[in-house]
Structure formats: structure tokens, C-alpha cells
Amino acid sequence: LVLLLAGVGSLMADPPRRSNPIVSHMFTADPSAHVWKDGRLYVYPSTDTSPPAGYATMDGYHVFSTDDLITWVDHGEILHSDDVPWGRERGGYMWAPDCAYKDGTYYFYFPHPSGNDHRKTWKIGVATSQDPASGFEVQGYIEGLTPQIDPCVFIDDDGQAYLYHGGPAPVYAGKLKDNMMEIEGAMLAQEGLHDLREGPYVFKRNAIYYLIYPDNSSGGHRMNYAMSEHPLGPWESKGVLLDKTSVLTTHGSCVEYKGQWYLFYHSGALSGGIEHNRSICFDPIYFNEDGTIRKVEQSRG
Ligand code: FUB
């Protein structure tokens, strides 16, 4: 299934932010953005159901890609809760995912509980494919983790992969073995992340590691960020990157594309702020000389 999401009219738009929200034929949240070797930018979000039925009914993942930040392709559903061998009887609960690429294989990481009390039974599943937007098959889940949501995998310049997950706090992080499905050594609670709630995402720029995360602000979580000289911290919180949007949660990722950095996040842009009908958006981010990030000008809160 390949759908062209933007019509000719949107080609007239000059700044990329004009295509917000990215997707308008379904509700999407928790965008994880990556640029893969074909030069396209891919976004891996989770899916909100319509009419809104809460986070319990989030049941699958689509992938979207672009090469101009204006026209987005929906590659269709890559994974459904029916494909997950643990917890199959309950469905739903396919929450914020991430994807990583190593040695010819794409690794898709997703949370899914194995028992009736999802809070106590979260597993971080792994599905693999040779294609970034189709053919994913579940390989199992990562053993030995604290039951938490919101996986993020960051691969450093030396090829070492790190897994982060968190929700509730703290964020735990550690090295992944070369097979990308087992932990090497211990997962460590990450220090210095002020008021962290969930949703860690790590990226690197100019030898500085950044970890962005939602805080616990009442009425709407704000996206915060922290910096470190090391991928496993300790971190120094630097404040708010994105103010609250029109929905309670926030969750996002940062990526550089064609020389510009962007923050991907979700808001209630399409639904008018309905809590469980979120939509993924993006806006440019700008760095100061010392590596700190200016607060994002939110185009579709
Ligand atoms: O989308 C379901 C959950 O809400 C995510 O896992 C959290 O990060 C929050 O966005």
C-alpha cells in the first residue's frame, strides 16, 4: 500500500513545516525519525484509534517516508498486535516504538505487555527486516529488562548500539550486543534527567550526546532535553525544548535532514486537541554555539 499524502497544492509550500500535521488520514503519535541509506527520511510512529478509545486500543504501526519533507508516503502497517506471540490474547498496547539499522538489517523495537496488568508486564519486542518499511518479523523480546515502555536505540559512531527505555522514571540504558537483541552487561539508571516522565530519545551532534524527554507538567507535558559527553550519562538537564501542545502527552525525536535539524513530536493538530487522537508534526530546531538548543517554535500545537 502506497498512498501519496500531499497533493499538488502542498508543493507550493516553501518551509517544510507547512505540511504539518504530516499525516491526515489517520491518527499517529510518538514519532521516531531516521534517515536511512536510501537518503529518505522515515518516521515510525504509533497509531491512535478513531473514535478515541484510549491507549489500550493502540494496535499497530505504520511507516511514513519522504524525500522533501512535503510529500509523505504511507507504506502501510508493518506490525500488528496479532503478530506478537506474547500477550496475544489481549491485543492493543502497541505504544511508542523505535527503529535502528545495523549491517543490512532494520531492527524495530516496540513495547507490548505479556500479562493482564500491562504496567507490570511490559516487554520490549524486536522485529527485523531487510527493508525499512515492510517485511518485519517478530524475533522475540529483550530479556532481563525492568517492565517499562518507550524504547530508543542509539548507535554511536564506533558502531556500538545502546538501548534506552523509560516510563515510569527512571530511564534505564545499556549496551546492546552485536545481535541487537541482548543486553551487554547491566542496564543503568540514567542520572541528571530533571522531572523525567517517560519517552527518552538519544541523538549525537558535534560529539555531544542529547537525551530528549517529556516532563510531568500538569495540563500538558513539555519536552525537555539534557546533554552529556557520554552516551550513558551522567546527563545535565538544560530545560524545555518544546512547550506543551494541545494534548497531554508529548513524545518525539530529533534528526538532521539535508543540513537542517528537526524535532518530530505529536499534538492534537488534526483532532482539535482530543487526547487519544494525536497527530505527528515536525519543526526545525536551532543550536547555539555552546550546543544548547533554542526552544522550538511550535507550528501546530
Ligand atoms: O502513545 C502511548 C504512550 O503515550 C507512549 O508510549 C508514551 O510515550 C506517550 O506518548
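Quick note: the coordinates plus some simple rules give every number you see, no bench work behind them. What you see is a predicted model; the values in this text were computed from it and never measured. Note that we place each Cβ from the backbone using ideal geometry, even for glycine, and neighbour counts take in every protein chain shown.
Listed by Cβ neighbour count within 10 Å, with the fewest neighbours leading, Lys37, Lys238 appear as Lys37, Lys238. Could you tell me the relative contact order of the chain? Use alpha-carbon pairs under 8 Å, at least six residues apart, and round to a whole percent. Dividing the mean separation by the residue count of the chain yields 15 percent.
Could you give the length gained by full extension between Asp38 and Glu182, i.e. 0.36 nm per residue of separation minus their alpha carbon distance, to one decimal place? Could the numbers behind the result be given before it?
Working: separation 144, 0.36 × 144 = 51.84 nm, distance 2.76 nm.
Working it through step by step, the gained length comes to 49.1 nm.
Neighbour counts of C-beta atoms inside 10 Å place His276, His251 in the sequence His276, His251, starting with the fewest.
Taking a ≥ b ≥ c as the square roots of the eigenvalues of the alpha carbon gyration tensor, the range 165-301 is prolate, as a/c is not under 1.5 and a/b beats b/c. To the nearest whole percent, what portion of all C-alpha pairs in the range 20-83 is separated by more than 19 angstrom? Within the range 20-83, distances greater than 19 Å cover 31 percent of Cα pairs. What you get for the chain, charging only the Cβ of Lys and Arg (+1) and of Asp and Glu (-1), is a dipole of about 580 debye around the Cα centre. When you count the other C-beta atoms within 10 angstrom of each residue and take the mean per peptide, 186-193, 144-151 line up highest first as 144-151, 186-193. Residues Met26, Met94, arranged from fewest to most other Cβ atoms within 10 angstrom of their Cβ, appear as Met26, Met94.
For the range 107-209, the gyration tensor built on C-alpha atoms gives an oblate shape. Its axis ratio a/c (a ≥ b ≥ c) is at least 1.5, and a/b is not larger than b/c.
Once the Cα-Cα distance is subtracted from the 0.36 nm per residue extended length, the Lys120 to Ser134 segment shows a gain of 2.0 nm. The alpha carbon gyration tensor of the range 43-127 gives principal lengths a ≥ b ≥ c with a/c of 1.5 or higher and a/b no greater than b/c, which makes the shape oblate. Sequence-distant contacts, meaning Cα pairs under 8 Å at least 6 residues apart, place the relative contact order of the range 245-285 at 38 percent.
Could you give the semi-axes, largest first, of the ellipsoid that matches the chain, computed as the square roots of 5 times the alpha carbon gyration tensor eigenvalues and rounded to whole Å? List each step's numbers first, then the result.
Numbers: eigenvalues 125, 108, 78 Å².
Each semi-axis is √(5λ); the values are 25, 23, 20 Å.
Take the Cα of Glu289, step 7 Å toward its Cβ, do the same at Asp67, and the gap between the two points is 3.9 nm.
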